[in-house]
Amino acid sequence: MPPVDITFGDFLRAILTADLDLHPSDDDGVRDALMQGFRLRGIVADGAEFFSEDSLRWPKVADVLPPVTGLLFGDPNGLTGHEKDVNGNILRGYAKANATLLGFAERAGSISAPSFHPMFHMAEDGSLYVNMVVELVQTVWLPFDADPKNAFPMRNGVTLLIVQDPTKFNERPAPRVLFVIQKLHTKQREERIRTYFQSTGRSLGEGDARFQIDFGLLHVGA
């Protein structure tokens, strides 16, 4: 899912995409039942042209972004502190170097990598998948009104699913980006978040703690 402003539509797309990767056949019709359940409740997904499996699944990217050279996946027991430090530096540098391709505004501010974790799971044929889910977030401060000092944080984010492919000819290929799941700046999002902060009184408070993300903000407008 995107790392910011998650909606129930995003949740539906994430479930369908993950299940398609793990169980392509879906002989029991679980995905269709799930889609119909969301449809009956009037839950739609932004960015999907049709309410179909092919349209709702997050699209894979092919050679859109360069490989993430040097990324460490550790093992199923987790990453060491040193590995986390290495990966953090690599991912922040990668985001800065590829900001435009990722959809970020290059000069709007630094891009953080608040979360990244490797995943290991088996496919139906018994092969091992080695992936890493990475959250990248860029926070831009925008004014509530004519006073530039009275501002709120607009968080724009991208989730990457990075794949470590098996070795070939005794060489390990550089990890490649398979999914790019974006929740970027739009005027509609900006106004929705500004209105939420104003309606909950946060525009009148002081200090950055008043803008701490909560469940209501994540799902407002869902």
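Miscellaneous remarks
- For segment 60-185, the convex hull drawn through the C-alpha positions has a volume of 132 cubic angstrom per residue.
- Proximal lysines to residue 84, defined as alpha-carbon separation beneath 22 angstrom and excluding residues fewer than eight positions away on the same chain: 96
- For the chain, a Gaussian network of Cα nodes joined below 10 Å ranks 89, 170, 131 by mean-square fluctuation, and the top entry is 170.
- Candidate aspartates and glutamates for bridging to residue 60, where Cα separation is under 12 Å - those fewer than 8 sequence places away on the same chain excluded: 21
- For segment 112-125, putting each phi into the Karplus relation 6.51 cos²θ - 1.76 cosθ + 1.60 with θ = phi - 60° gives couplings of 9, 10, x, 8, 7, 8, x, 10, 10, 8, 9, 7, 4, 8 Hz, in residue order, rounded to whole numbers and with x for Gly and Pro.
- Within the chain, longest stretch clear of exposed trypsin sites (Lys or Arg not before Pro) (DSSP loop, no more than 13 other Cβ within 10 Å): 150-222
- Of the GluC sites (Glu not before Pro) in segment 87-156, those whose Cβ has at most 13 other Cβ within 10 Å and which sit in DSSP loop: 106, 124
- Dividing the radius of gyration of the alpha carbons in the chain by their Kirkwood radius gives 1.00 for Rg/Rh.
- For segment 1-48, fraction of C-alpha pairs farther apart than 12 Å, in %: 64 percent
- Once backbone amide H atoms are built at 1.01 Å from N, residue 79 has no partners under 5 Å, excluding neighbours fewer than 5 places away on the same chain.
- Across segment 60-185, the mean sequence separation of Cα contacts (distance under 8 Å, 6 or more residues apart), normalised by length, yields a relative contact order of 25 percent.
- If you run the Gaussian network model on the chain, springs between alpha carbon atoms under 10 Å, then out of 125, 85, 46 the most flexible one is 125.
- Our coupling estimate for segment 97-104, obtained by passing each phi through the Karplus curve with A = 6.51, B = -1.76, C = 1.60 and θ = phi - 60°, is 5, 10, 4, 5, 5, 7, x, 7 Hz, Gly and Pro reported as x.
- Working note: Karplus 6.51/-1.76/1.60 with θ = phi - 60° gives segment 55-62 the couplings 7, 7, 5, 5, x, 6, 9, 10 Hz, where Gly and Pro are set to x.
A short reminder: the numbers here are calculations on the coordinates, not readings from a lab. Predicted model only: the values in this text are computed from it and were never measured. Cβ atoms come from the backbone with ideal geometry, glycine included; neighbour counts cover every protein chain shown.
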